[in-house]
Amino acid sequence: MSDAVILEAQGLNKHFGGLHAVRDVWFSVQKGKIKSIIGPNGAGKTTLFNLLSGAIPADSGRVMFKGELISSKKPYAIAALGMARTYQTTRLFEHMTVLENIMAGRHIKTKAGFIASALRLPWTLREESDCKKKSRELLTFFSLGEFIDETAQNLAFGIKRKVECARACALEPDILLLDEPAAGLNIYETKELSQLICRIRDLGITILLVEHDMSMVMDISDEILVLNEGAVLAEGLPREIQKNPDVIRVYLGEDEC
Amino acid sequence: MNIRQYLPAAVFLGALVAVQLVISLTGAAFYFTQITMSFYYTIVVIGLCLLMGYAGQISLGHAGFFSIGAYMQAMLTTHDFSSIIHSSWDEVFKNVSQIFGTVEWYELIPEKIGAILGIPVKLFVGLGDIFGMFVPGTDGFGNGILSYAPSAALFISLLTAIGIACLIGLPVLRLKGHYLAMATLGFGIIISTIVFGTKLFGEADGISRVPAFHLVGPLSINGGMADRTVNYYIAGIILFIVLIVSMHIVASRVGRALRAIHGNEQAAGSLGINAMRYKLGVFVLSALFAAIAGVFLVHYNGSIGTSETSVLKSVRYVSIVAAGGMDSIWGVVAMSMGLNFVSLRGYFGSFDEIFFALILVVTMLFLPRGLFRKEYLEVVIKKTRRLTRRMVLKRKLEKKGIVFANKKKDDEK
């Protein structure tokens, strides 16, 4: 069942005023794979991400996740179904420590509410220490152990990226949407990130990636989707995409090559 | 669990007893009144601290929730309900419509309900006093009246506050920043206007002759001279319970969710946190705290006036939270106790409100993260620790006969 479809976009459209940001996009992501979305700036990659995660509503089209229609659901409900995401610009909770950020990521895995928390019922304490333990383990997995009690706003940019990634993984999602995780990272950090993404995939988490770093995309992707001006330009294996004349034209210009 | 978490709470209890002993021993018992009132106002401020400091949602209408608690409690315990108790539902509707000055619609409702159910209207018997909710008393003219017992009124008042907070919160919390501030400000003004215009709430006169609230045994909340010390402790303990509850919430999954929403609402949503639900939850909780303060303070003071509903009161609560450090409960408590006490003693004179506005401006300009913060304390601790360490080292070396000429060399060692 490794080729079972976990996420499917069916004819998604989105307009921003006169701009047709996403045009009739159809694609699917197979379980356990790394799929990348590439395209020039303004191709609609992030908009597509926002449509998938429910951050903005689509004008038309449907999103199916694990066989369930999610395009009318709120982002928090979609997250609770098992879809986690990161942002192009990191959105950590700046005044919270790294550990607290991760523990906030385990929100849907815990369930203490206002009354139980206010009374500090014994089971909430067990839940809390369990949550703390699991979060520590996750930080070790991401080799972030040394930053555990650091306030997020004091972290270096590369570390913030990793923490955001770890926070998304804390949901124990079925699919992880990464929006340009390598943006602003140096070559070493990018390499480390590639390995990390593969390790996350090995945990059984499907990955959908938007990225500009071509070498990284070609290295780790199982499949690539190319967007241009909001529409799907090509879809296929990395080596097919590399040879695709349309893709080359879009990336290198109109001239013959 | 972490015992150290409860250290500030223990300090609070210690301070409670210490202050009482000092005041009693020095014979300055008149201070108790202002301290007790400060305790109650601090409860409002703590609720606002959870809402503003942790969840990052401003409210300029908390004097409104305080007033709902206080005015409902005062009205229910002083108004004569005997006619309602002995009347049928039909008359209840008549009474209600008289209060609000409308006519006739009440006559239709019982009949229609009766018609739908297929029973004559007269079958709706009197409300009666099923739960012993009513107690006899006297009004200002010495006439016998039948009002709600304070304990029954407490539930009605708090439920009213919760209900109104839900109704207001649902639409208003969709707004952000300035818009939320303006909407809550509007709510505060509405409550103030309703109080001013409703006969039931005493219009501009307010409500007086609020009876004592008998708790258990000899304990009762009232403003009498004899019960001053007891009331100091009652208020202190109520505040203590509110503090513990708030502290637990802050250090829990809920507290984390609130801070996450404060940090970045979209990111919180992407983690499965239902922001609206938590924002509403903390809004209702803070409204409940405000109402609790109102309910008890009205029994302590024995009366309530329209000044409590004014928007300036809301601004005062906000400025105390800002000055205390937004997301530091204990800092806010310290700030609230200090400022309320000084204000209630009348040290600011006629410039009371100006003073609080000034505090807000100065805090926002120079100490945007508040006056009391752990970080500041940590700096002081670090500095003193280094200083003492250096002095100990110096003394040791001096004993060995090594004397350093200047500080620099000392550092190098």
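Some points to look at:
- The number of residues in the range B:253-268 being at the interface with chain A (Cβ under 7 Å from one of its Cβ atoms) and either touching a strand residue (DSSP E or B) at 6+ places or on another chain (Cβ under 6 Å) or open to solvent by 10 Å² or more (accessible area, probe 1.4 Å) (or both) comes to 6.
- Exactly one residue out of A:66, A:35 is charged (D, E, K, R) and open to solvent by less than 10 Å² (accessible area, probe 1.4 Å), and it is A:35.
- When B:217, B:272, B:281 are screened for being open to solvent by 30 Å² or more (accessible area, probe 1.4 Å) and either assigned by TED's automatic domain parsing to the domain that holds residue B:40 or of a type outside the set (Gly, Ala, Ser) (or both), only B:217 passes.
- The combined condition, being of a type in the set (A, V, I, L, M, F, W, C), buried (at least 24 other Cβ atoms within 10 Å of the Cβ) and in contact with a Pro (Cβ under 9 Å, 6 or more places away or on another chain), is fulfilled by residue B:295.
- Meets criteria (farther than 27 Å from residue A:75 by Cβ and touching a Gly at 6+ places or on another chain (Cβ under 8 Å)) for residue A:146: no
- Restricting B:372, B:355 to residues that are surrounded by 16 or more Cβ atoms within 10 Å (Cβ to Cβ) and within 27 Å of residue B:9 (Cα to Cα) narrows the list to B:372.
- Criterion (crowded, with 18+ Cβ neighbours inside 10 Å and part of a loop (DSSP other than H, G, I, E, B)) met by exactly one of B:38, B:59: B:59
- Qualifying residue in the range B:370-389 (condition: under 24 Å from residue B:241 (Cα atoms), in a helix (DSSP H, G or I) and touching a strand residue (DSSP E or B) at 6+ places or on another chain (Cβ under 8 Å)): no
- Helices (runs of 4 or more DSSP H) (entirely within the range B:204-294) containing at least 2 residues that are touching a residue at least 12 places away in the same chain (Cβ under 8 Å): B:228-250, B:253-263
- In the range A:123-137, the residue that is nearest to the other protein chains (Cβ to nearest Cβ) out of those that are closer than 18 Å to residue A:199 by Cβ and surrounded by fewer than 20 Cβ atoms within 10 Å (Cβ to Cβ) is A:134.
- Test: residue in the range B:138-152 that is touching a Gly at 6+ places or on another chain (Cβ under 7 Å), at pLDDT 90 or above and open to solvent by less than 40 Å² (accessible area, probe 1.4 Å): no
- Any chance residue A:140 is facing chain B (nearest Cβ under 8 Å) and over 19 Å from the mean Cα position of the chain (by Cα): no
- Residue in the range B:359-368 that is open to solvent by less than 50 Å² (accessible area, probe 1.4 Å) and of a type in the set (A, V, I, L, M, F, W, C) present: yes
- Taking each residue of the range A:109-126 that is under 14 Å from residue B:273 (Cβ atoms) and looking for partners that are open to solvent by 30 Å² or more (accessible area, probe 1.4 Å) and basic (Lys, Arg) with beta-carbon atoms closer than 8 Å, six or more apart or interchain, yields A:109/A:134.
- Just one of the listed residues (A:54, A:105, A:39) is in contact with a helix residue (DSSP H, G or I) (Cβ under 6 Å, 6 or more places away or on another chain) and more than 14 Å from every other protein chain (Cβ to nearest Cβ), and it is A:39.
- Each residue in the range B:290-306 was checked for being under 8 Å from the mean Cα position of the chain (by Cα) and not small (Gly, Ala, Ser), and 1 of them qualify.
- Where a residue in the range B:321-336 is more than 16 Å from residue B:58 (Cβ to Cβ) and its partner, wherever it lies, is at pLDDT below 90 and among the aromatic types (Phe, Trp, Tyr), with Cβ under 7 Å and at least six apart: B:328/B:372; B:331/B:372; B:334/B:372; B:335/B:372
- Failed condition for residue A:37, given (1) in contact (Cβ under 8 Å) with a residue 24 or more places away in the chain; (2) over 23 Å from residue A:236 (Cβ atoms); (3) aliphatic (A, V, I, L, M): (2)
- Selection over the range B:150-187 of residues that are β-branched (Val, Ile, Thr) and within 25 Å of residue B:266 (Cβ to Cβ) gives a count of 3.
Residue-wise test of (1) in contact with a strand residue (DSSP E or B) (Cβ under 7 Å, 6 or more places away or on another chain); (2) crowded, with 17+ Cβ neighbours inside 10 Å.
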| residue | (1), (2) |
| --- | --- |
| A:190 | no, yes |
| A:198 | no, no |
| A:202 | no, no |
| A:208 | yes, yes |
| A:219 | no, no |
| A:232 | yes, yes |
| A:235 | yes, yes |
| A:239 | no, no |
| A:246 | yes, no |
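- Checking each residue in the range A:142-157 for being assigned to a helix (DSSP H, G or I) and without any contact (Cβ under 8 Å) to a residue 24 or more places away in the chain picks out A:145, A:146, A:154.
- Candidate set: the range A:156-169, residues that are open to solvent by less than 40 Å² (accessible area, probe 1.4 Å) and more than 14 Å from chain B (Cβ to nearest Cβ); chosen: the one nearest to residue A:86 (Cα to Cα): A:162
- Of everything listed in (1) in a loop (DSSP other than H, G, I, E, B); (2) open to solvent by less than 20 Å² (accessible area, probe 1.4 Å); (3) farther than 18 Å from residue B:286 by Cβ, the single unmet condition for residue B:29 is (2).
- Only one of the numbered conditions (1) under 26 Å from residue B:197 (Cβ atoms); (2) touching a Ser or Thr at 6+ places or on another chain (Cβ under 9 Å); (3) within 14 Å of another protein chain (Cβ to nearest Cβ) is violated by residue B:288, and that is (2).
- The residues on offer are B:236, B:188, B:202, and the sole one that is farther than 24 Å from residue B:326 by Cα, away from chain A (no Cβ under 14 Å) and buried (at least 19 other Cβ atoms within 10 Å of the Cβ) is B:202.
- In the condition set (1) open to solvent by 30 Å² or more (accessible area, probe 1.4 Å); (2) touching an Asp or Glu at 6+ places or on another chain (Cβ under 7 Å), residue A:172 is compliant with all but (2).
- Within the range A:82-96, if we keep just the residues that are surrounded by fewer than 20 Cβ atoms within 10 Å (Cβ to Cβ) and either out of contact with any Phe, Trp or Tyr (no Cβ under 9 Å at 6 or more places or on another chain) or of a type in the set (Lys, Arg) (or both), the residue that is nearest to the other protein chains (Cβ to nearest Cβ) turns out to be A:91.
The values are calculated or read from the model by the stated rules, or taken from the named source; none is laboratory data. Note that the structure is a prediction, hence the values are computed from the model and not measured. In this analysis, Cβ positions are derived from the backbone assuming ideal geometry, glycine residues included, and neighbour counts consider all displayed protein chains. Ligands, DNA and RNA are excluded from the accessible area calculation, which covers all protein heavy atoms including side chains. Shrake-Rupley method; radii C 1.70, N 1.55, O 1.52, S 1.80 Å.
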